[in-house]
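Undergrad: Handing you a structure now.
Please treat every number below as a calculation from the coordinates, not as lab data. Note that the structure is predicted; figures quoted are calculated from it, not measured. Ideal geometry is used to build each Cβ from the backbone, glycine not excepted, and the neighbour counts take in all protein chains shown.
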Amino acid sequence: MQVTLDTLPSFVSDFVRNFPKGKLGNAYVVGLKGDLGAGKTTFVQAVAKELGVTERVTSPTFVVVKTYAIDTPPFKRLVHADLYRMHSNDTDTIGWSEYVKNGENIILAEWSDRVPGGIPLETPILSFSVVDEDTREIVWMK
């Protein structure tokens, strides 16, 4: 689907509306795939805003993971991971497994193919590609 900066809020609203409604055993994880500048962080910023996050959301490139308090039952935290500097064969120095075990977390993971130990098989992936300066193609991969 082609999404512009003007239609991003509507796209994100639909995305959030489709979050699981019941309590989960593990976190709800969504992988975000795309080249640098494809819109992954802009998407996370829009999701955070939709979830009521009032603080500034920036890319966690150097800290790898940032968390934000939310009140979207059954979820209490938005976890934004930027795994660009990680490798799937790295040891879990960022506490990824603990984030995933917590059913109160929504995890949006940029560069999800680099999750230490690999991403859970059932993880949906959103793929981002640049169409033009203000438009991105966003495709569900799973």
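Undergrad: Can you pull out the GluC sites (Glu not before Pro) in the range 76-132 whose DSSP state is coil and whose Cβ has at most 16 other Cβ atoms within 10 Å?
TA: Numbers: sites: 98, 104, 110, 122; in loops: 104, 122.
Taking the range 76-132 and a limit of 16 other Cβ atoms within 10 Å, the loop GluC sites (Glu not before Pro) found are 104, 122.
Undergrad: Which of the trypsin sites (Lys or Arg not before Pro) found in the range 43-85 are in a DSSP loop and have at most 10 neighbouring Cβ atoms, other than their own, within 10 Å?
TA: Numbers: sites: 49, 56, 66, 76, 77, 85; in loops: 56, 85.
Those satisfying the criteria are 56.
Undergrad: If you don't mind, another one. Of the options 69, 102, 117, report the single residue whose Cα projects farthest towards the positive end of the charge dipole of the range 64-122 (beta-carbon charges: Lys, Arg +1; Asp, Glu -1).
TA: 69
Undergrad: Once you have the Cα-Cα distance between residue 16 and residue 87, take 0.36 nm times their residue separation minus that, and quote the gain in nm to one decimal. Write out the running numbers ahead of the final one.
TA: Values: separation 71, 0.36 × 71 = 25.56 nm, distance 2.86 nm.
That works out to 22.7 nm of additional length.
Undergrad: Please report the net charge: other residues with Cβ closer than 13 Å to the Cβ of residue 112, K and R +1, D and E -1.
TA: Values: positive: 33, 40, 114, 142; negative: 82, 110, 113, 122.
Neighbourhood net charge equals 0.
Undergrad: While we're looking at this one, here's another question. Over the Cα atoms of the chain, what Rg and Dmax result, in angstrom?
TA: Computed over the Cα atoms of the chain, radius of gyration and Dmax are 14.2, 40 Å.
Undergrad: If you don't mind, another one. Less than 19 Å apart at the alpha-carbon level, and either on another chain or at least 8 residues along: which lysines does that give for residue 142?
TA: 33, 40
Undergrad: Give the calculated FRET efficiency between residue 7 and residue 127 to the nearest 0.05, with a Förster radius of 25 Å applied to their Cβ-Cβ distance. Let's see the in-between values first.
TA: Numbers: r = 17 Å, r/R0 = 0.70.
Calculated transfer efficiency: 0.90.
Undergrad: Could you work out how far the C-alpha centroid of the range 1-30 sits from that of the range 42-117, in angstrom?
TA: About 14 Å separates the Cα centre of the range 1-30 from the one of the range 42-117.
Undergrad: Work through the residues other than residue 41 whose Cβ is under 10 Å from its Cβ and net out their charges, Lys, Arg +1 and Asp, Glu -1. Spell out each step's value before the answer.
TA: Numbers: positive: 40; negative: 82, 110.
Net of charged neighbours comes to -1.
Undergrad: Something else about it: Determine which aspartates and glutamates satisfy two conditions relative to residue 49: a Cα distance under 20 Å, and not lying fewer than 8 residues away in the same chain.
TA: 6, 14, 71, 82, 104, 110, 134
Undergrad: Same structure again: Please get the size of the charge dipole for the chain, origin at its Cα centre, with Cβ charges of +1 on Lys and Arg and -1 on Asp and Glu, quoted in debye to the nearest 20.
TA: On the way: 15 positive and 18 negative charges, 96 e Å.
Taking the Cα centre of the chain as origin, the dipole is about 460 debye.
Undergrad: What would the Debye formula give as log10 I(q)/I(0) at q = 0.16, 0.21, 0.23 Å⁻¹ for the alpha-carbon point model of the range 54-132, no solvent?
TA: -0.63, -1.04, -1.20
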